[in-house]
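Okay, so here's the structure we're looking at.
Bear in mind these aren't lab numbers, they're just calculated from the coordinates by the rules spelled out. Just so it is clear, the model here is predicted, and its values are computed rather than measured. Here the Cβ positions follow ideal geometry from the backbone for every residue, glycine too, while neighbour counts run over all protein chains shown.
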2 protein chains.
Amino acid sequence: MSELGELEPVARQSTAELIADQLRSAIMYGVFAPGTQLAEAELAARFEVSRGPLREAMQRLVQEGLLRGERHRGLFVIDLDEQDVADIYLARLAIERMACELIMHGNRGEAVAHLTEALTELVTAAESGDRHAMSDADQAFHLALVTCSGNSRLERMAQTLLVETRMCLAALQDHYPRPQDLVAEHRILVDAIADGDEERLLGLIESHMRDSIVRLRPA
Amino acid sequence: MSELGELEPVARQSTAELIADQLRSAIMYGVFAPGTQLAEAELAARFEVSRGPLREAMQRLVQEGLLRGERHRGLFVIDLDEQDVADIYLARLAIERMACELIMHGNRGEAVAHLTEALTELVTAAESGDRHAMSDADQAFHLALVTCSGNSRLERMAQTLLVETRMCLAALQDHYPRPQDLVAEHRILVDAIADGDEERLLGLIESHMRDSIVRLRPA
DNA sequence: ACCGCGCCGATTGTTGACAATCATACGAGC
DNA sequence: GCTCGTATGATTGTCAACAATCGGCGCGGT
């Protein structure tokens, strides 16, 4: 074979991780609305596993902060108030700002490549007018941004925060910007990176987040 | 009774959370060195619970990134290389920097009060010369800093990062600054907050983290 | 009518047993 | 002598049953 280096250990996710991914996705898209109780028996039956692995998966989400547990009563999807919205976006700002700095002082070229691709997806979604697809692309863009920083801890944190962001959008009637504005907002980010203009980039990210907070304020 | 508002719901932690806290602490202090496998049967016997709750607790730590799982093989404490050290401190910088900003634009007085108390503990520890106590106080100070920001998500992230920080210190022969320097480093942070000098504060936090990275470099 | 009490179904918490997989040691074959 | 295949013990993954707790209902008392 031509290259031997790209051989990776065969991915073996644990059952708990598989289930956690599905649950996280369901929570993210609002399949389980905030405050909803997750009944063990019912979910276990649906996933066709026993309650053991399911409980392991749910404990992961508790640790992640997506579920809140009341002893002997059950696990519930967290509810998000205005304070949470602000907390989430400010935490994202902290993470993504650092990611931007790392990108600017790291492999900028690769980041531009990946983000340009993510931006293309966003444009496609915007043209389709599908809000769901736009949100997906938006989320993917920001995750790509953090991934490009090369800091796996930032990436993990961003992942959770993006899920919570999506919960806000689902819960708060999706106060989303116009498609063309959404694209423009992200394009200028890529441009700033490509131009190597760190100061501008950091200002843009900050506006991006702070604007989102006020946009979602009058829930 | 004089005040009724301070009544809190009786704390009912789940068994998984209790166990997770103990395990996290053990990992943090290096009781389980990086790379060590956590044997279920042995730990379950030690905690005097069955493997069920123990596994739930361990899944929490996996989600937290403190354990790495290999299917059908077991769970292992993550190992930390030089890259991880940098990742951890830069992630901390992201979090704590934002915490500083929130404090400066929020309830500065309360923050100064809490941090001054934490600083006092640090001084006491420094005077005792006990490295362990100094690390504890150092960690408590930084956690207090993030807690004062009032952002629970930042707080949760900081908690995990501080555990990892401690792992670095334990693994890398505790390349720790001199006691008086440690105290000074933190005192100027409190001073900057008290003075309301945000720019200085942010610069200090950044130095604090970046210096730590280079200090731990020649492992 | 209202409050307290106790019962009952339902759900969560926990356990021990069973199945599947892995790591190691041993022996056969080349 | 080395490699490959196999048996074995140990550990993880999964499950179904048991125990404990919760929420709601009805009953009796005041």
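So, in nm, how far is label residue B:116 from label residue B:131 when the simple model puts each one 7 Å beyond its Cα toward the Cβ?
3.3
Once the Cα atoms of helix A:179-195 and of chain A are each reduced to a long axis, what angle between those two axes, in degrees from 0 to 90 to the nearest 10, is obtained?
Helix A:179-195 and the main axis of chain A meet at about 60 degrees.
Go through B:134, B:175, B:47 and say which Cα lies farthest out towards the positive end of the charge dipole of chain B; charges sit on Cβ, +1 for Lys and Arg, -1 for Asp and Glu.
It is B:47.
Would you pull out the residues with amide H under 5 Å of residue A:74's amide H, same chain only if 5 or more places away, H placed 1.01 Å from N?
Under 5 Å from the amide H of residue A:74 lies no amide H from a residue far enough along the sequence or on another chain.
Among A:48, A:127, A:64, which one shows the biggest mean-square fluctuation in a GNM of chain A, springs joining Cα atoms closer than 10 Å?
The residue that fluctuates most here is A:48.
Nm distances between the label at residue B:40 and the same-position labels in the remaining copies, 7 Å along Cα→Cβ, shortest first?
So the distances to the same position in the other copies read 1.6 nm.
At residue A:109, label 7 Å along Cα→Cβ: distances to the other copies, nm, ascending?
5.6
Using alpha carbons only, what's the Rg to Rh ratio of chain B with Rh from Kirkwood? Please report the intermediate quantities before stating the final value.
Numbers: Rg = 18.8 Å, Rh = 18.8 Å.
So for chain B, dividing Rg by the Kirkwood Rh gives 1.00.
Select from B:63, B:37, B:159 the residue whose mean-square fluctuation is largest in a Gaussian network model of chain B (Cα-Cα springs shorter than 10 Å).
Of B:63, B:37, B:159, the most mobile in the Gaussian network model is B:63.
Compute the helix-to-body angle for B:15-28: its Cα long axis versus the longest principal axis of chain B, expressed 0 to 90° and rounded to tens.
70
Just the Kirkwood number for the stretch B:15-77, please: inverse of mean 1/r across all distinct Cα pairs, in Å, one decimal. Present the calculation step by step, with values, prior to reporting the outcome.
Numbers: mean 1/r = 0.0878 Å⁻¹.
One decimal place: 11.4 Å for the Kirkwood radius.
Taking every pair of distinct Cα atoms and averaging 1/r, then inverting, what Kirkwood hydrodynamic radius in Å comes out for the protein assembly as shown?
Values: mean 1/r = 0.0429 Å⁻¹.
That comes to 23.3 Å for the protein assembly as shown.
Once both labels are modelled 7 Å past Cα along the beta-carbon direction, what's the residue B:79-residue B:200 spacing in nm?
A separation of 4.5 nm, rounded to one decimal place.
Ordered shortest first, which distances in nm separate the 7 Å Cα→C-beta label point of residue B:25 from those of the other copies?
Spelled out, the distances from residue B:25's label point are 3.9 nm.
How many nm separate the modelled label positions at residue B:13 and residue A:191, each set 7 Å beyond the Cα in the direction of the Cβ?
About 5.2 nm, to one decimal.
Roughly how tilted is helix B:51-64, in degrees to the nearest 10 and between 0 and 90, from the longest Cα axis of chain B?
40
Shielding by partners for A:80-89, please: the mean number of other protein chain Cβ atoms within 10 Å of each residue's Cβ.
Details: counts 0, 0, 0, 3, 3, 0, 3, 8, 2, 0.
That average works out to 2.
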